[in-house]
Amino acid sequence: MDEKFRKAAQVYGAGCTCSQAVFCAFAEDLGLDEQTALKLIEGFGGGFGGKQEVCGAFCAATAVISYYYSTGKVGDVQNRPKLYAAIQRAAELFEREYGSIRCIKILHGEKPKPRRCGMKVKDAVFIAERFITERNGGAEK
């Protein structure tokens, strides 16, 4: 897990968004190169393109959790409740720490600024790792 935290901190410290930092920490595991990962998730930073809706770090964690919990099969409605339950539990953990999953509430009405959300990035990585471990039957990947 320390490797994921280091990667996220490196990407975030280089000026990437909160969503990019979290997602890039898992890019290799997801079969993505870093540039593709950066491009795919950048627009989620600042709560969906800076609109301060759902926290970008949490959005990235959601994408990672979804990758591990989804079957990827078209129309697989039987698995969806398991996926949604995992995302809802992850949201509860994030909300417990920050009071919300909404960027505007987390930042108390202030606009997102570079390098302001380092702890949110760290916690989103932790949450994603926790759910991956849970999905893998308790064994860390």
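The values are calculated or read from the model by the stated rules, or taken from the named source; none is laboratory data. On a predicted model such as this, the values are computed, not experimentally measured, just so you know. When we count neighbours, we look across all protein chains shown, and the Cβ atoms used for this are built from the backbone with ideal geometry, even at glycine. Surface areas here come from the heavy atoms of the whole protein model, side chains and all, with no ligands, DNA or RNA. Shrake-Rupley method; radii C 1.70, N 1.55, O 1.52, S 1.80 Å.
List of remarks:
- Each helix, a run of at least 4 DSSP H residues, gives -39500 (n - 2.57); summed and divided by the residues of the chain, these come to -18500 deg cm²/dmol at 222 nm.
- Potential extension, Arg102-Met119 segment - 0.36 nm per residue separation minus Cα distance: 4.6 nm
- Accessible-area value, Lys105, 1.4 Å probe, nucleic acids and ligands omitted, Å²: 120 Å²
- Environment charge of Gly47, counting only residues whose C-beta is closer than 9 Å and scoring Lys/Arg +1, Asp/Glu -1: +1
- Separation of the Asp2 and Glu28 label points, Cα + 7 Å toward Cβ, nm: 1.5 nm
- Cross-link partners of Lys122 among lysines, defined as those whose alpha carbon lies under 23 angstrom from its own and excluding same-chain residues fewer than eight positions apart: Lys4, Lys7, Lys39, Lys51, Lys105, Lys111, Lys113, Lys141.
- Student exercise, the stretch 72-122 dipole from Lys, Arg, Asp, Glu Cβ charges, in Debye to nearest 20: 240 debye
- Taking all pairs of distinct alpha-carbon atoms in the chain, Kirkwood radius in angstrom: 14.9 Å
- Of Ala90, Val74, Ile132, farthest towards positive along the dipole that unit charges on Lys, Arg, Asp, Glu beta carbons give the chain: Ala90
- Judged by the ratio a/c of the largest to the smallest principal axis of the C-alpha gyration tensor, the stretch 37-85 counts as prolate, that ratio being 1.5 or greater while a/b is larger than b/c.
- Folded to 0 to 90 degrees: helix 2-13 orientation relative to the chain principal axis, Cα: 40 degrees
- Label-point separation, Asp76 to Ala9 (7 Å along Cα→Cβ), nm: 3.5 nm
- Cα shape, the stretch 1-50, gyration tensor, a/c 1.5 rule: oblate
- Relative contact order for the chain: 29 percent, from Cα pairs under 8 Å spaced at least 6 residues apart, divided by residue count.
- Most to least packed among 55-61, 129-135, 76-82 [average Cβ atoms within 10 Å]: 55-61, 129-135, 76-82
- Magnitude of the charge dipole for the chain, about its Cα centre and with charges confined to Cβ atoms of Lys, Arg (+1) and Asp, Glu (-1), is about 400 debye.
- Acute angle (nearest 10 degrees) that the helix 118-135 long axis makes with the longest principal axis of the chain, alpha-carbon atoms: 0 degrees
- Using a Förster distance of 22 Å, the FRET efficiency for Asn136-Ser66 (Cβ separation, nearest 0.05): 0.90
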